[in-house]
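Note sheet for the following structure.
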Amino acid sequence: VWRLPVDEYHEELVKAKQADITNSSGKPDGSSCQAAAFLKNFVEKGVQWAHIDIAGVADEGSSSTGYGAKLLLHYLYRGKL
């Protein structure tokens, strides 16, 4: 299984001054790892989960490709869940 890192650096980015967490660090280095660190806060310990980052996935000159949804459906149809 391939996993992106969600380490202390990414967890620090989602800490907020006026709240427990934030989905925007205000820094220009936002990433799928930072997004996963944010989402991790809403998943109970021991639950397997995935963050499928679909931002910016589009064909040139057209609309979104639905890559993330297609990937998830392909995974489900293969009987992995």
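Taking all protein chains together and a 1.4 Å probe, the residues K40, K70, K45 rank K45, K70, K40 from largest to smallest accessible area.
Projecting label points 7 angstrom from Cα along Cα→Cβ for K15 and S63 puts them 4.2 nm apart.
The values are calculated or read from the model by the stated rules, or taken from the named source; none is laboratory data. Quick caveat, the model's predicted, so the values are computed rather than measured. Note that each Cβ is placed from the backbone with ideal geometry, even for glycine, and that neighbours are counted across all protein chains shown. The area values use the complete protein model at the heavy-atom level, side chains included, leaving out ligands, DNA and RNA. Shrake-Rupley method; radii C 1.70, N 1.55, O 1.52, S 1.80 Å.
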